[in-house]
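The values are calculated or read from the model by the stated rules, or taken from the named source; none is laboratory data. None of the values given here were measured: they were computed from a predicted structure. Heads up, the Cβs are rebuilt from the backbone with ideal geometry, glycines too, and the neighbour counts pull from every protein chain shown. Remember, those area values only see protein heavy atoms, side chains included, never the ligands or the DNA or RNA. Shrake-Rupley method; radii C 1.70, N 1.55, O 1.52, S 1.80 Å.
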Amino acid sequence: MAAYFCLGLSMFIVGSNIGIGKLILQELPVFLFAALRFLIASVVLAAGMFRTSAWRGFNGTTGRGLFLQSFFGCFLFSLFMLYGVKHTSSANAGIITSVLPSLIALLAWIWLREKIGRRSFTAIGLAVSGVALINLYDASALDVGRVLGNALVLGAVLSEALFAVFSRRLSLSVPPWSMAFWVNVFGLVLFLPFAIPQALSFDWGTMGPTLWAWVLLYSLTASVLSFLLWYKGISQVPANVAGLFTGLIPVSAMIIGFSVLGESPTLSQLAGMVLVLLSLVVGTRLRARS
């Protein structure tokens with residue numbers, strides 16, 4: 001139950017930050033925001049790296065694995081998601097991220113050899129149908145920008161699924177705090193070359209206390225707390241079971257989108273949400289019976 005709580009809370013934080021990230025990007029360039037996020041998180045997590053136990057299991061192989069985690073889960077995920085939400089709504093982004101449970105189950109089956117059955121394949125089909133419905137609606141409305149945004153968010157989902165599979169393998173040998181620290185450090189290194197030009201041209205005088213507070217909140221929740229909770233939880237359950245908890249992302253994303261950003265749900269979004277949530281019901285029922 002403790003592992004389930006950690007996984008659920010981690011994914012609720014991720015979904016909530018989709019809308020918060022959209023607010024921040026109205027004031028900050030994408031690469032600069034990402035670099036600030038990983039810099040703040042790295043500094044906070046560095047305090048725990050003085051413990052000897054924090055280096056347990058760290059070697060060249062795990063170092064490469066942590067870099068790949070950061071490349072997919074931090075660099076590509078942040079790049080695709082932050083640019084994606086600039087072109088599509090938070091509600092659409094939340095619904096599209098609902099395919100994560102099915103995609104993680106599929107990758108766990110292919111790579112980790114975790115078993116999935118007919119119900120899981122049904123859940124994958126329903127999730128894909130839900131995302132397709134959203135994109136077909138946007139295409140029929142000649143909203144090219146939203147279709148591009150949806151595609152970028154879908155790329156973020158694939159990156160996050162790869163991150164989940166990598167994290168399951170490494171969580172069995174590396175402590176959660178160490179994994180969170182190195183993933184953020186590698187994320188900072190990856191974003192820094194793109195962030196420096198934006199930092200030099202950015203008018204720092206326009207960044208008031210409110211914006212700094214949003215950036216700090218996002219960094220501590222998205223890059224510190226959510227990572228620590230996810231690594232703690234996934235070290236105790238299989239990847240395809242942990243993946244089910246990513247279904248909480250659209251719930252929190254839509255709450256922020258409707259309550260904070262003032263977005264209104266459309267019929268297409270609601271229909272897509274129903275299909276994706278149905279995929280979660282099918283997948284969860286399978287795990288419960290197992």
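Net length available on complete extension from residue 68 to residue 216 is 50.8 nm, with 0.36 nm assigned per residue and the Cα-Cα distance removed. Remark: the residue 151-residue 129 segment gains 6.5 nm on full extension, using 0.36 nm per residue and subtracting the alpha carbon distance. When the Cα gyration tensor is reduced to axis lengths a ≥ b ≥ c, the ratio a/c is 1.5 or higher for the range 153-203, and with a/b not above b/c it is classed as oblate.
Surface composition of the range 5-97: carbon plus sulfur atoms hold 72% of the accessible area, using a 1.4 angstrom probe and ignoring ligands, DNA and RNA. The calculated FRET efficiency for the pair residue 122 and residue 271, based on their C-beta separation and a Förster distance of 22 Å, comes to about 0.75. Annotation: extensible slack from residue 172 through residue 1 equals 59.7 nm (criterion: 0.36 nm per residue apart, minus Cα-Cα distance). The phi-based Karplus calculation (6.51 cos²θ - 1.76 cosθ + 1.60; θ = phi - 60°) puts the 3J(HN,Hα) values of the range 33-42 at 4, 4, 5, 4, 4, 6, 5, 4, 5, 5 Hz, whole numbers, x for Gly and Pro. Under 20 Å from a label point 7 Å along Cα→Cβ of residue 204: give me every residue in the range 184-198 with its amide N that close. Within reach of a label on residue 204: 188-189, 191-198. Note that the range 52-91 presents 43 Å² accessible area per residue, ligands and nucleic acids not counted, probe 1.4 Å. Determine the shape class of the range 1-111: with a ≥ b ≥ c the square roots of the Cα gyration tensor eigenvalues, call it rounded for a/c under 1.5, and otherwise prolate if a/b is greater than b/c, oblate otherwise. Since a/c reaches 1.5 but b/c is at least a/b, the shape of the range 1-111 is classed as oblate.
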